[in-house]
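Enquirer: Quick one: the structure is below, and I'll ask about it shortly.
Throughout, read-outs are computed from the coordinates displayed, never taken from laboratory work. This structure is a prediction, so every number in the text was calculated from the model and none was measured. Don't worry about glycine lacking a Cβ; one is built from the backbone with ideal geometry, like all the others, and counts go over all protein chains shown.
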């Protein structure tokens, strides 16, 4: 927390009249501002729509008369010459009030002449565009790994004052527990530890699941990200040997050891290809192979009817991913989120330029982010992708995921038969691979499942003939969309690395 206080002190010292604090931790932010102000021997006043303007540090006093509204508070601030720090908690959503915008401009001009600063909390929005040049934004980030460790230790120490606390975590379990607290607020971390300890007086491996579940709930509340649990034992993957080999070579590249060696963190891959051929499965496989948290972005939830909310959703998603780094960020069917974001005017006309702004935000993050966040983006329709996304250097590599080869189909049959407790050796896998030419991995799986339903309905065991019959009755995507797949292959030739 010390560095946050130092940052805010510097902002006050350099006479920034207005600072917008991007944070979801309002109480923590208010405490941090108070500490920064007290370090400079300056009093603090806070305003909210419920309490009006009142002093909170170094001592407290009641409501200042006539400051219940934002305009009233701003008039009071203009007339008060005392060098002071102000915290405005709900101001941004009330700037549409008559005279509020003008008064804020006047406050900014007055405060820039001396050492008075306004901190405006912006958990769900930004200043109107016309006012943004007056303010400096500052992001109060979620706690990093070092702060999380200190926070856990302090919470355990505080709880031990009321009774014995047994910490039963080895080094690996402790690291996993701390890793699963990344992305939570400071209060949520305290609550996880307190709930774990107070339930049985212990902090042990069983409490890792508690942290994971709270994280899932927290991410769901954002409406954009979902925490995808990574299985302890990942099912086998058929085919895509080149992609798997590429990933294996970079399995340790997200670690501090790789930084000391002189390597930068891998930035990401784009997986293009035919539907149902395992692109989404490979996003999960990356997280499993690299033993990292997996975050899935819901592209459908990004867009909001309210001005500025869509951009905020995307910014929040990237901020959360950075807080949870190292991690894998998975954007499935990325073309659906940014299909209208090309350089031409069509997209700008259709949605007022929103897609272009969102796409620009994505490109900026891809280029500038320094945290070890590995992006896995998948796409089925290359024609819908903005050409800027395909520029060299956006991704570490672009892979083309084609329909599985005969060897891969044989392996896929083996995997899905074994998954459903059937002995693959009892089936002629070569014949099944031959009969399933042009099938995707998901179509092969569905053929096995449909054959099992048919056999179960007849009260008998699954046979080779059941699967062969389902294959013969299925018209795969390679037949239904032959021209589109041929065009996709032609486009990928020479542009992409083959995953298979």
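Enquirer: Mind sorting out which of [x] 33.9; [y] 23.6; [z] 30.1 is the real mean projected area of the Cα convex hull in nm² computed from the coordinates?
Expert: The value matching this structure is [z].
Enquirer: Measure nothing but the geometry: give the 0 to 90° angle between the long axis through the Cα atoms of 309-323 and the longest principal axis through the Cα atoms of the chain, rounded to 10°.
Expert: So the inclination is approximately 80 degrees.
Enquirer: By the gyration tensor of its Cα atoms, with a ≥ b ≥ c the square roots of the eigenvalues, what is the shape of region 406-480: rounded for a/c under 1.5, prolate for a/b over b/c, or oblate? Walk me through the numbers before you get to the answer.
Expert: Details: a/c = 1.84, a/b = 1.27, b/c = 1.45.
Because a/c hits 1.5 or more and a/b fails to exceed b/c, region 406-480 counts as oblate.
Enquirer: What list do you get for 392, 419, 370, 215 if you sort them by fewest beta carbons within 10 Å?
Expert: Values: 392 6, 419 12, 370 9, 215 23.
The fewest-first ordering by Cβ neighbours comes to 392, 370, 419, 215.
Enquirer: Describe numerically, in nm with one decimal, the distance between label points set 7 Å from Cα along Cα→Cβ at residue 264 and at residue 220.
Expert: Output for this residue pair reads 3.8 nm.
Enquirer: Okay, next question. Within the chain, what percent of beta bridges assigned by DSSP are antiparallel, to the nearest 5? List each step's numbers first, then the result.
Expert: Numbers: 9 of 50 bridges.
About 20 percent, rounded to the nearest 5.
Enquirer: Give the distance, in whole Å, between the Cα centre of region 448-497 and the Cα centre of region 7-38.
Expert: Here the answer is 59 Å between Cα centres.
Enquirer: If I model a spin label at residue 484 and residue 336 as a point 7 Å from the Cα along the Cα→Cβ vector, what separation in nanometres do I get?
Expert: Placing both labels 7 Å along Cα→Cβ, they lie 1.3 nm apart.
Enquirer: Quick check: the angle from helix 70-79's long axis to the longest principal axis of the chain, C-alpha only, nearest 10 degrees?
Expert: Result, in degrees: 40.
Enquirer: Shape call for region 20-87 from the C-alpha gyration tensor, a ≥ b ≥ c root eigenvalues: rounded (a/c under 1.5), prolate (a/b greater than b/c) or oblate? Write down the numbers at each step before the final one.
Expert: Values: a/c = 1.74, a/b = 1.25, b/c = 1.40.
It comes out oblate by the Cα gyration axes.
Enquirer: Further, regarding this structure: What is the order of 398, 269, fewest Cβ neighbours within 10 Å to most?
Expert: Working: 398 20, 269 24.
Arranged by neighbour count, lowest to highest, 398, 269 become 398, 269.
Enquirer: For helix 464-473, what angle does its Cα long axis make with the longest principal axis of the chain, in degrees from 0 to 90 and rounded to 10?
Expert: 70 degrees
Enquirer: Counting other C-beta atoms within 10 Å, which of 369, 3, 416 has the fewest, and how do the rest follow?
Expert: Numbers: 369 17, 3 8, 416 23.
Listed from fewest to most nearby Cβ atoms, that is 3, 369, 416.
Enquirer: How would region 131-247 be classified by its alpha-carbon gyration tensor: rounded, prolate or oblate, with rounded meaning a/c under 1.5 and the a/b versus b/c comparison settling the rest?
Expert: Working: a/c = 2.25, a/b = 1.13, b/c = 1.99.
Taking the square roots of the gyration eigenvalues as a ≥ b ≥ c, region 131-247 is oblate.
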